[in-house]
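This report concerns only the one structure given below.
The values are calculated or read from the model by the stated rules, or taken from the named source; none is laboratory data. Please read these numbers as outputs of a predicted model, since none were measured by experiment. So basically every Cβ, Gly included, is an ideal-geometry build from the backbone, and we count neighbours across all protein chains shown. SASA here: full protein model, heavy atoms, side chains in, ligands and nucleic acids out. Shrake-Rupley method; radii C 1.70, N 1.55, O 1.52, S 1.80 Å.
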Amino acid sequence: MDELIKRAGRDLASSKNVVALTGAGISVESGIPPFRGKGGIWEKIDPMEFAHIDTFMKEPGKVWNVLLKDMKEIIDKAKPNDAHKGLAELEKLGILKAVITQNVDGLHQKAGNRDVIEFHGNFAWQRCLECNKVCETREIDLTQIPPRCECGGIYRPECVFFGEMIPPHHLIRSRDLASTCDIMLVVGTSALVQPAAYMPVMAKQSGAKIIEINPEKTPMTKSVSDYIIMGQAGRIISAIVKEIKQQL
Ligand SMILES: [Zn+2]
């Protein structure tokens, strides 16, 4: 693994146009359980029922009770971990250009990254369905469910529900970034779900190197990644940043 960290350090240090694609795996060390996979929330509740926009519009109280209340509690408390901080450091060093994320926890921005494309929106914000007022999720009062704005309208999180479209400008921007970067760093995602899945493929086809950081091999590893560094993202990214700083 040390060899691979050195290799990643060399590759990244010589680039000024790196894009990171991140998923649930990067936030696990911040105490946020993944939605998909073993132990994930979607094993306990059916997303097509409880995370669907139609259900939310019909029964917002039910969705707040079953899903959003717990999400708020977990995300309110979560802090960026070493992986988020390391990516923010890479931006400061002028190496990382942007982060494309499937997460809604807002931890990349909290860590200090300024250019973050959130495919699925950001749970840190709520919007009133009546007057469109936006407020921070932490500030929302949950003594009544569903929570309401002072105008009486119901709050919804600023993230994308099942049955809703990913904002087209996010897609366009991500495609541009993927097709022009020289390295794509894939962290904490097996990139099985579209549109994220297409980004590394697109980067690769445009000549970029793909460096994967995941706890175990994924379907991408063999077909798309140039190499994979296996293990905890926080530890690996910190080590890579240290390596880069020695070289600069
Ligand atoms: Zn309102």
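For region 1-12, give me each residue that is at pLDDT below 95 and not charged (D, E, K, R).
1, the sole residue that qualifies.
Give the residues of region 180-201 that are assigned to a helix (DSSP H, G or I) and surrounded by fewer than 18 Cβ atoms within 10 Å (Cβ to Cβ), sorted by residue number.
Looking only at region 180-201, we keep the residues that are assigned to a helix (DSSP H, G or I), and these are 180, 198-201.
Scanning region 180-201 gives 180, 198, 201.
Scan region 17-40 and report the pairs whose first residue is among the aromatic types (Phe, Trp, Tyr) and whose second residue is surrounded by fewer than 17 Cβ atoms within 10 Å (Cβ to Cβ), with Cβ atoms within less than 6 Å and a gap of 6+ or a chain change.
The qualifying pairs are 35/42.
Return the residues of region 14-26 that are within 17 Å of residue 83 (Cα to Cα) and touching a helix residue (DSSP H, G or I) at 6+ places or on another chain (Cβ under 8 Å); say none if nothing qualifies. First the steps, then the outcome.
Quick first cut of region 14-26, residues within 17 Å of residue 83 (Cα to Cα) only: 18-26.
Listed by number, the residues that qualify are 18, 19, 20, 21, 22, 25, 26.
Would you check if residue 151 is farther than 22 Å from residue 35 by Cα, open to solvent by 50 Å² or more (accessible area, probe 1.4 Å) and within 16 Å of the ligand (Cβ to nearest atom)?
Working: farther than 22 Å from residue 35 by Cα: yes; open to solvent by 50 Å² or more (accessible area, probe 1.4 Å): yes; within 16 Å of the ligand (Cβ to nearest atom): yes.
So residue 151 fits the description; yes.
Any idea which residue in region 126-141 is modelled with the highest pLDDT, counting only those that are surrounded by fewer than 14 Cβ atoms within 10 Å (Cβ to Cβ) and more than 14 Å from the ligand (Cβ to nearest atom)?
Among those that are surrounded by fewer than 14 Cβ atoms within 10 Å (Cβ to Cβ) and more than 14 Å from the ligand (Cβ to nearest atom), it is 136.
Filter region 151-165 down to residues that are touching a residue at least 12 places away in the same chain (Cβ under 8 Å) and part of a loop (DSSP other than H, G, I, E, B) and give me whichever is nearest to residue 62 (Cα to Cα).
Initial filter on region 151-165 (touching a residue at least 12 places away in the same chain (Cβ under 8 Å)): 151-164.
Remaining after also requiring part of a loop (DSSP other than H, G, I, E, B): 151-153, 160-161, 163-164.
On the way: 151: 21, 152: 18, 153: 16, 160: 17, 161: 14, 163: 17, 164: 18 Å.
The selected residue is 161.
Is at least one residue of region 168-179 under 24 Å from residue 237 (Cα atoms), in a loop (DSSP other than H, G, I, E, B) and touching a residue at least 24 places away in the same chain (Cβ under 8 Å)? Let's see the steps before the verdict.
Within region 168-179, the first condition is being under 24 Å from residue 237 (Cα atoms), and the residues that meet it are 174, 177-179.
If we keep only those that are in a loop (DSSP other than H, G, I, E, B) too, we end up with none.
Looking for residues that are under 24 Å from residue 237 (Cα atoms), in a loop (DSSP other than H, G, I, E, B) and touching a residue at least 24 places away in the same chain (Cβ under 8 Å), one finds none in region 168-179, hence no.
With the condition kept exactly as written, say whether any residue in region 198-209 is within 15 Å of the ligand (Cβ to nearest atom), more than 18 Å from residue 108 (Cβ to Cβ) and over 22 Å from the mean Cα position of the chain (by Cα). Walk me through it before giving the result.
Going residue by residue through region 198-209, those that are within 15 Å of the ligand (Cβ to nearest atom) are none.
No, region 198-209 contains no residue that is within 15 Å of the ligand (Cβ to nearest atom), more than 18 Å from residue 108 (Cβ to Cβ) and over 22 Å from the mean Cα position of the chain (by Cα).
For region 47-147, please list each of the helices (runs of 4 or more DSSP H) lying entirely inside it that holds at least 3 residues being among the charged types (D, E, K, R). Reasoning before the result, please.
Values: elements: 47-50, 53-58, 60-63, 69-77, 82-92, 107-111.
Result: 69-77, 82-92.
Name the residues in region 33-44 that are surrounded by 13 or more Cβ atoms within 10 Å (Cβ to Cβ) and not in a helix (DSSP H, G or I), would you?
If the condition is that a residue be surrounded by 13 or more Cβ atoms within 10 Å (Cβ to Cβ) and not in a helix (DSSP H, G or I), then 33, 34, 35, 36, 37, 40 are the ones that fit.
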